[in-house]
1. Check segment 132-231 and count each lysine pair with an alpha-carbon distance under 15 angstrom, considering only pairs eight or more places apart or from different chains.
2. For the pair Asp182/Val198, report the inter-label distance in nm, with labels modelled 7 Å from Cα in the Cβ direction.
3. With the contact rule set at Cα under 8 Å and sequence spacing of 6 or more, what percent relative contact order holds for segment 5-122?
4. Which whole-number percent gives the relative contact order of the chain, counting Cα pairs below 8 Å spaced six or more residues apart?
5. Give me the aspartates and glutamates in straight-line cross-link reach of Lys76: C-alpha distance below 14 Å, same-chain residues under 8 apart excluded.
6. Near Lys106, which lysines are there with a Cα under 19 Å away, not counting those fewer than 8 places off in the same chain?
7. Give the cross-link partners of Lys2 among the lysines, using a straight C-alpha distance below 16 Å as the criterion and excluding same-chain residues fewer than 8 apart.
8. Could you work out [θ]222 nm for the chain from helices alone, using -39500 (n - 2.57) per DSSP H run of at least four and dividing by all its residues? Round to the nearest 500 deg cm²/dmol.
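We did not get these values from a lab; they are worked out from the coordinates using the rules stated. In this text the structure is predicted, and so the values were computed from the model without any measurement. So basically every Cβ, Gly included, is an ideal-geometry build from the backbone, and we count neighbours across all protein chains shown.
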Amino acid sequence: MKLPRVLIVEDESAIAELVAVNLRHNGFAPIWAESGDAAQRELDAVLPDVILLDWMLPGHSGVALARKWRSDPRTKAVPILMLTARSDEPDKVAGLDAGADDYITKPFSAQELLARIRAVLRRRAPEQVTDSVTIGALVLDAATHRVSFNGQQLKMGPTEFKLLHYFMKHSERVHSRAQLLDKVWGDHVFIEERTVDVHVKRLREALSGAGSMIETVRGAGYRLTAQAQAAA
């Protein structure tokens, strides 16, 4: 049976060795890269099943690497678990927004790390979303990853795109922050519910004239409605 390959991108050898030992003892095949360039060489050779990516690296930050690998068709589906000493919510949001599937704050236990890795691997093969959704003048094409409003292309980050796709597939319903975290980020991600507010704000800004379609329902959550746009 093929062991799941885990690429550890970490410049501190002591941490990398400790992680590798725990992975090896629990049925994984770890590969260590101490820099972004070394990690890229490993990715060019063989794609791993999951990437453990340190935030602070020489030459390239983990966030920059996550963004790069997410934009590459060859590596965009590889789960990324970000290792970070940064515990502030804006930093966590930045890591997730760059394309990380989850993050774990240093110092962490081996059991927590293993649980997070198993969780992202379980979710590695989500359903392929290739549908197109239209609500009023707002159109989202999941296959081409494009959003337009009144024929004008809109630009938004990957998290905002996923959030909008979920809203449009379930329009007129009220979704709590907890529900959105579960459905958009996934139930393996342990982040504060207020993080949803940050991304809803960014989504409204990206939607520009269609931003009013995302309504705040006080005490309940958010919903996307075509009625607001019709009224406008």
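1. Details: Lys155/Lys201; Lys162/Lys183; Lys162/Lys201; Lys169/Lys183.
Counting lysine pairs in segment 132-231 gives 4.
2. 2.3
3. Numbers: 186 pairs, mean separation 27.1, N = 118.
Relative contact order comes out at 23 percent.
4. Details: 352 pairs, mean separation 29.7, N = 232.
Across the chain, relative contact order equals 13 percent.
5. Hits, sequence-local ones excluded: Asp44, Asp49, Asp97, Asp101.
6. Qualifying lysines at Cα under 19 Å: Lys92.
7. none
8. Working: 9 runs with 91 residues, N = 232.
The helix-only estimate for the chain comes to -11500 deg cm²/dmol at 222 nm.
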